[in-house]
Structures are given as structure tokens and as C-alpha cells.
Amino acid sequence: MRNVRSAVLAGAAASLLVLSACGGDDTGGEAAETTPETSASFEAGTTMARISEAGTMTIGTKFDQPGFGLQGLDETPDGFDVRIAQYIAAELGIAEEDIEWVESPSAQREDLIVNGDVDMVVATYTINDKRKERITFAGPYYVAGQQIMVAADDSTISGPEDLKTNPDVKICSVTGSTPAENIREYLASPEQLVTFEVYDDCVSQLENGQVQAVTTDNVILTGYVAENEGKFKLVGEQFTEEPYGIGITKGDTAFCEFINEALTKASEEGYYEEAWTATAGEYEGTEVPTLPELAPCA
């Protein structure tokens with residue numbers, strides 16, 4: 001596969017050192033391979049026809065999230081998001097090696113879509129009304145829930161409610177993310193929240209004691225706990241529901257419906273379950289999900 005980084009990500013190279021420490025070069029299992037649909041034919045003028053005729057596709061995903069989108073030492077991302085994206089690409093006749101991957105930090109996802117830098121974004125991307133003002137979502141293809149991760153020997157924080165009673169505690173999340181906004185109501189003051197562009201930076205700050213907690217979706221944190229054995233733990237229960245969608249150009253109903261059909265087919269063929277088992281499902285404490293009810297495209 002080819003790998004493309006947006007020019008706005010010039011500082012991302014430093015985070016790869018942390019990323020390799022978290023994930024090494026083992027970015028997932030070998031199951032859930034895709035076969036390009038060689039007989040694919042689409043109505044002229046559609047996004048599907050454009051991509052199929054080009055023979056290549058540009059997809060935004062995360063590069064720093066174990067189990068969903070993690071870049072290995074070969075600079076190729078892998079994870080559940082990546083496998084789902086590969087299946088959709090295959091339905092368009094695009095082989096895995098003809099996908100261009102663009103790192104898509106939370107704060108940049110809508111811009112990447114609106115500016116035409118990617119054909120779609122599959123990046124632990126929670127569907128919400130604010131984002132729908134700028135883009136269209138297909139899916140959801142998974143529902144996560146927000147949780148908190150702390151150091152393994154920490155006994156101060158057992159859930160979000162403990163943040164107000166411990167105003168000196170710093171909690172980290174990612175700029176532009178839903179978890180960063182969700183956690184604000186639990187804080188004693190806005191200064192408790194520390195944000196970075198990528199979660200690897202939060203994990204590094206937790207490891208060196210600059211912050212005392214990290215919050216994002218439970219499945220992402222589960223990956224960090226597994227990849228850093230004995231260093232971290234999850235506390236409390238999940239306190240939100242986060243439906244993950246696939247971001248595309250606003251108003252592209254035909255492409256949205258195509259993606260939803262591909263997701264349904266992936267589930268019916270067993271690819272969806274295989275993709276999970278080979279990626280996020282490798283971590284202890286995860287359960288094989290079922291494809292959620294897909295929202296109508298509008």
C-alpha cells in the first residue's frame with residue numbers, strides 16, 4: 001500500500017517513535033483479506049465511477065490507535081478501521097496496494113473531506129450533528145463508549161465523577177475529538193483538560209506523570225493497555241455511546257448508500273467479524289460486535 005501524509009502533519013514524525021514503542025511492527029492478524037471486484041460498474045458521474053476508473057483511492061484513517069488504525073514500522077496502517085476501508089475499496093475494484101492512506105487526526109478530519117484531500121475517512125469517527133453540518137456520514141459500522149485510562153498503580157480516579165473532587169488531576173484527550181468535549185462537564189475547571197493532536201502524545205504524558213488520566217473510547221484505550229503491559233488500566237464504566245461512521249463529502253447520498261450496502265455485505269459474508277477478530281479483537285476484554293443498524297442516507 002502507498003502511504004501519503006498531509007502537509008499539515010509535518011510534526012507527526014516524532015510521534016512515530018512513541019507509536020513504534022506501543023505497537024512495534026505487528027499491526028494485526030492475517031485474516032479478512034479483500035479481493036477487488038473486477039466486474040464493478042457504476043453510473044457515470046458518481047463518486048464510485050470516478051474512483052473505480054482512477055484505479056486508486058485516498059482514505060483517511062488514524063495512525064496511532066491500536067486495534068483500529070496503527071502504523072507499523074513499514075509505514076502501513078492496520079486495524080479494524082483499515083480493514084473496513086479496504087473492503088469498501090475492494091467493492092470499488094481498488095486493490096489494497098492502490099490505496100493511499102492519509103493520517104487523519106481528530107481535528108483535521110472534516111477539513112480533509114471538505115478540501116477534497118481524501119475520498120473518505122474511516123477513523124474512529126463519531127457521528128454527531130455538528131459534524132453533519134459539514135460532511136455526510138455512512139454507517140454506523142461500530143458503537144464504542146468513552147472510558148478513562150490511568151496508571152496501573154493509581155487509586156485516585158475510578159470514574160469521571162472523581163475529576164471534580166480531585167481538581168489537581170490532569171486528564172488528556174485529543175483536540176477536536178468527541179471525548180475531549182464530553183469530559184468537560186465532569187471537570188472542576190477547564191484547566192484540568194490537556195489536549196494534543198494525537199493520542200500517542202497523551203499516552204506519553206501519562207507515562208511520564210505530566211497527566212494522571214487519558215480519556216477516549218474504550219476500545220482504543222483497551223489497545224493501549226494491552227500494548228503497554230502492566231503500565232495502565234481502565235477505570236469505571238463507559239459513560240457515552242459513540243457510533244462510528246464513515247465520513248464523505250456532504251450530500252453525496254449515492255456514495256453513502258453504496259458504503260452502507262458494502263457494510264451490509266461485509267457483515268453477511270463474515271468479513272466484518274473476521275476483520276474484528278484479526279485486529280481489535282486480539283485484545284483481552286473485547287467482544288465481537290455485530291454491525292449496528294445503518295442510518296438512512298440523506
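The values are calculated or read from the model by the stated rules, or taken from the named source; none is laboratory data. What you are looking at is a predicted structure, and each value in this text was computed from that prediction instead of being measured. Note that each Cβ is placed from the backbone with ideal geometry, even for glycine, and that neighbours are counted across all protein chains shown.
Can you tell me how many residues within region 236-252 are surrounded by fewer than 23 Cβ atoms within 10 Å (Cβ to Cβ), closer than 15 Å to residue 116 by Cα and not hydroxyl-bearing (Ser, Thr, Tyr)? Outline the logic, then answer.
Going residue by residue through region 236-252, those that are surrounded by fewer than 23 Cβ atoms within 10 Å (Cβ to Cβ) are 236-241, 243, 249-252.
Now narrow it down to the ones that are closer than 15 Å to residue 116 by Cα: 249-252.
Next, only the ones that are not hydroxyl-bearing (Ser, Thr, Tyr) stay: 250-252.
Residues in region 236-252 being surrounded by fewer than 23 Cβ atoms within 10 Å (Cβ to Cβ), closer than 15 Å to residue 116 by Cα and not hydroxyl-bearing (Ser, Thr, Tyr): 3 in total.
Which residue is nearest to residue 62 (Cα to Cα), if the candidates are limited to region 271-298 and must be surrounded by 15 or more Cβ atoms within 10 Å (Cβ to Cβ) and of a type in the set (Asp, Glu)?
Checked region 271-298; the qualifying residue nearest to residue 62 (Cα to Cα) is 282.
Buried (at least 22 other Cβ atoms within 10 Å of the Cβ) and among the polar types (S, T, N, Q): does that describe residue 195? Step through it out loud before you land on a result.
Numbers: buried (at least 22 other Cβ atoms within 10 Å of the Cβ): no; among the polar types (S, T, N, Q): yes.
Here the answer is no, as residue 195 does not meet what is asked.
Within region 206-234, track down each residue that is of a type outside the set (A, V, I, L, M, F, W, C) and under 20 Å from residue 124 (Cβ atoms). Break it down stepwise before answering.
Quick first cut of region 206-234, residues of a type outside the set (A, V, I, L, M, F, W, C) only: 207-210, 212, 215-218, 222-224, 227-231, 233.
215, 216, 217, 218, 222, 223, 224, 227, 228, listed by residue number.
If you scan region 251-288, which residues turn out to be in a loop (DSSP other than H, G, I, E, B) and touching a Gly at 6+ places or on another chain (Cβ under 9 Å)? If you could, list the steps in order and put the result at the bottom.
So the first thing to find is which residues in region 251-288 are in a loop (DSSP other than H, G, I, E, B), and the list is 251-252, 270, 279, 283-288.
Once the filter is applied, which keeps residues that are in a loop (DSSP other than H, G, I, E, B) and touching a Gly at 6+ places or on another chain (Cβ under 9 Å), region 251-288 yields 279, 283, 286, 287, 288.
Being closer than 26 Å to residue 238 by Cα and not assigned by TED's automatic domain parsing to the domain that holds residue 251 is the requirement here; does residue 138 meet it? Steps first, answer last, please.
Working: closer than 26 Å to residue 238 by Cα: yes; not assigned by TED's automatic domain parsing to the domain that holds residue 251: no.
Answer is no for this residue.
With respect to the numbered conditions (1) buried (at least 24 other Cβ atoms within 10 Å of the Cβ); (2) in contact with a Leu (Cβ under 9 Å, 6 or more places away or on another chain); (3) on the phi < 0 side of the Ramachandran plot, which one is the sole condition not fulfilled by residue 89?
Answer for residue 89: the failing condition is (2).
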